[in-house]
Structure formats: C-alpha cells, structure tokens
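Notes follow the structure.
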Amino acid sequence: MGKPDKPLWSRQQIADRILKGENLVIYRDQLIRISPNWLEEHPGGSIAILHFVGRDASDEIEAFHSDSALRRLLKHSIGNVQVGEEGWDPLLPPVAAGWVRKASPTGSKWRREAERMHSDHESHFTSTSQVLLVKRGDLGGSADPSIVDITPPPTTLSLKVQTAHSKAYRALHQRITDAGLYQTRYITGYGPEIARYTSLFIVAVIAYHFGWYKIAALFHGLLWHQLVFTAHDLGHVGVTHNWAIDRILGITIANFMGGLSISWWTKVR
C-alpha cells in the first residue's frame with residue numbers, strides 16, 4: 001500500500017517525531033499522524049490511540065472501523081514506513097511509560113505522571129511495561145521523555161511469530177468477508193428479535209389492561225432488557241452499517257424507550 005510519492009520514514013525518524021509530541025501509528029506500511037483535535041474526538045476515546053503510538057495498529061484499526069473510515073484514515077498518511085521482513089519493530093508508547101501531553105500557556109508539553117513498575121522477581125526477558133501510578137511530586141528526571149523511555153524492554157516475544165499470527169488473522173478475516181458473514185441478515189437475524197420484542201410488548205399491554213400489574217411490569221422489564229442487545233449492535237454501527245441511521249435508531253431505542261443515553265458508551269472520555 002506504499003505510495004512512491006511520499007517520504008520513507010525510518011524507525012529512528014518516527015521515534016524522534018514521537019518524542020517531539022506527535023501521535024504516530026503504523027497502518028498497512030503507512031505512517032498515520034493523529035492530530036490532537038481528533039485525538040479528543042475519537043469515538044473510542046484517546047487512550048485507544050495513545051497505546052498504539054509507535055506501534056503497528058493495522059489489525060486493531062481494521063477490526064473496529066468501517067471501510068469508509070479506513071479510506072478517510074489514509075488521507076492522514078504522511079509517508080511510508082520501513083518495515084523489515086519480520087514486521088514492524090514497535091516502540092513503547094509514551095503513555096505506557098507514564099508520559100502524557102498536557103496543555104500549557106506556551107503550548108502542550110510533556111508531563112510525567114507515572115513510571116514503569118519493576119519487580120525484583122522479573123527475569124531479564126520479561127516485559128516490564130506495566131505502569132505504576134505515583135504522585136507527581138515523587139517523579140524526577142528530565143523534563144521530556146527520551147529514546148530510552150520509548151524503547152520496549154527485553155521480551156521473549158518474537159516479531160517473526162507475531163507477524164505470522166497477524167498474517168493468519170488477516171487471512172481468516174478475508175475468508176469471513178468473502179463468505180458474507182459480516183453482512184446483516186435482517187430476516188433470519190433480526191426477524192426473530194423483532195418477533196420477541198413484539199410478543200413481550202403485547203403480553204405487557206394485555207396484562208396491564210386486565211390489572212395484572214406485576215406481570216405487566218415483568219414483561220415490560222424483559223422488553224427493555226432485550227432491546228439493549230439491539231441498542232448494543234446499533235452502537236457498534238452493526239445493523240445498517242450506516243452511522244447516521246444506526247445512531248438515530250440507537251437514540252430511539254436507548255434514549256426514548258430505555259431512558260439511557262446511547263452516547264454514554266459510544267463517546268468515551
């Protein structure tokens with residue numbers, strides 16, 4: 001997917017830009033720059049992006065984004081990436097080492113809010129990227145992160161093996177796509193769901209009509225409970241696969257019928 005008219009970035013060049021505060025992720029051999037504005041507006045929240053800065057996020061990006069979103073994503077490519085035969089050698093995201101960017105009167109600056117936790121029982125080849133939160137006053141060191149901070153610790157994980165797993169996953173994903181298993185089956189899939197909702201509603205209305213209030217409340221509650229499954233699918237744009245239509249349907253079911261805003265989980269802060 002590389003484009004010859006764009007510059008080729010080395011791992012060191014990418015590391016230098018990350019240390020200057022840019023959010024760069026790898027997608028299909030492309031270097032994607034995530035702007036600070038989009039970082040805050042990302043429907044999946046900013047943390048989902050920050051934990052892939054300096055890493056190859058191709059499989060994760062494709063698992064949670066539509067084809068139209070992927071096409072828009074490529075518009076933010078700033079160049080191609082040098083990827084070895086065994087795949088991209090990842091950097092450690094600054095946030096995983098306790099570094100975050102904070103706004104200040106003179107612009108955003110690095111701030112160290114946590115440090116990696118090291119255990120006396122860890123072997124030399126154990127990943128030590130676990131974060132231990134501590135008070136800001138307890139942290140010293142340089143004002144900005146260095147290449148040491150974004151260099152992953154030694155690990156027994158093999159890039160070659162991980163790349164093989166990624167290729168196998170992509171092959172499986174393509175087989176599922178070709179088989180049409182991602183396409184919504186409205187009659188055989190949501191048909192029985194609508195019949196179930198309708199039955200629960202009818203029973204609740206009949207019970208209320210005859211004054212069987214506890215039974216009416218029970219089936220009314222079951223109706224709300226079952227509707228949540230469809231609201232869940234709509235929140236993932238998994239029904240019509242059109243963001244606007246699924247959001248309107250989700251608001252109708254979750255907000256007006258269920259009384260809970262669907263934005264509580266589709267817009268993470």
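The values are calculated or read from the model by the stated rules, or taken from the named source; none is laboratory data. Remember, predicted model here, so these are calculated numbers, not experimental data. Reconstructed Cβ throughout: ideal geometry from the backbone, glycine too, with neighbour counts over all protein chains shown.
So here's what we get for this one:
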quantity: Residue within the range 167-182 that is aromatic (Phe, Trp, Tyr) and closer than 30 Å to ARG17 by Cβ present; calculated: yes
quantity: From the options ALA96, ALA15, residue that is at pLDDT 95 or above and assigned to a helix (DSSP H, G or I); calculated: ALA15
quantity: Residues satisfying the stated conditions in the range 167-214, i.e. of a type in the set (S, T, N, Q) and modelled with pLDDT of 95 or more; calculated: THR198, SER199
quantity: Any hit, the range 8-26, residues being farther than 20 Å from ILE147 by Cβ and among the charged types (D, E, K, R); calculated: no
quantity: Check on ARG196, surrounded by 11 or more Cβ atoms within 10 Å (Cβ to Cβ), more than 21 Å from the chain's Cα centre (by Cα) and either in a helix (DSSP H, G or I) or free of Cβ contacts under 8 Å to residues at least 12 places away in the same chain (or both); calculated: yes
quantity: The range 226-238 residues that are farther than 14 Å from SER263 by Cβ and free of Cβ contacts under 8 Å to residues at least 60 places away in the same chain, paired with ones that are part of a helix (DSSP H, G or I) and among the hydrophobic types (A, V, I, L, M, F, W, C) (beta carbon under 7 Å, 6 or more apart); calculated: GLN226/LEU200; LEU227/ILE253; LEU227/MET257; THR230/ILE253
quantity: Hits in the range 52-81 - residues which are over 26 Å from ASN242 (Cβ atoms) and surrounded by fewer than 16 Cβ atoms within 10 Å (Cβ to Cβ); calculated: ILE78
quantity: Subset of the range 239-252 [without any contact (Cβ under 8 Å) to a residue 12 or more places away in the chain and assigned to a loop (DSSP other than H, G, I, E, B)]; calculated: ASN242
quantity: Residue in the range 156-163 that is modelled with pLDDT of 65 or more, within 18 Å of PRO93 (Cα to Cα), out of contact with any strand residue (DSSP E or B) (no Cβ under 9 Å at 6 or more places or on another chain) and not polar (S, T, N, Q) present; calculated: yes
quantity: Residue count, the range 140-189 (criterion: among the acidic types (Asp, Glu) and either surrounded by 13 or more Cβ atoms within 10 Å (Cβ to Cβ) or in contact with a Phe, Trp or Tyr (Cβ under 8 Å, 6 or more places away or on another chain) (or both)); calculated: 2
quantity: Any hit, the range 231-243, residues being surrounded by fewer than 12 Cβ atoms within 10 Å (Cβ to Cβ) and out of contact with any Pro (no Cβ under 9 Å at 6 or more places or on another chain); calculated: no
quantity: Selection count where residues are under 21 Å from the mean Cα position of the chain (by Cα) and at positive phi, scope the range 199-242; calculated: 2
quantity: Enumeration of residues in the range 60-88 that are acidic (Asp, Glu), out of contact with any helix residue (DSSP H, G or I) (no Cβ under 6 Å at 6 or more places or on another chain) and not in a helix (DSSP H, G or I); calculated: GLU85
quantity: Qualifying residue in the range 23-45 (condition: within 16 Å of the chain's Cα centre (by Cα), of a type in the set (Ser, Thr, Tyr), part of a helix (DSSP H, G or I) and surrounded by 15 or more Cβ atoms within 10 Å (Cβ to Cβ)); calculated: no
quantity: Test result for TYR190, touching a helix residue (DSSP H, G or I) at 6+ places or on another chain (Cβ under 9 Å) and closer than 21 Å to LEU227 by Cα; calculated: yes
quantity: Conditions (1) assigned to a loop (DSSP other than H, G, I, E, B); (2) farther than 26 Å from ARG55 by Cα; number of the one not met by THR156; calculated: (2)
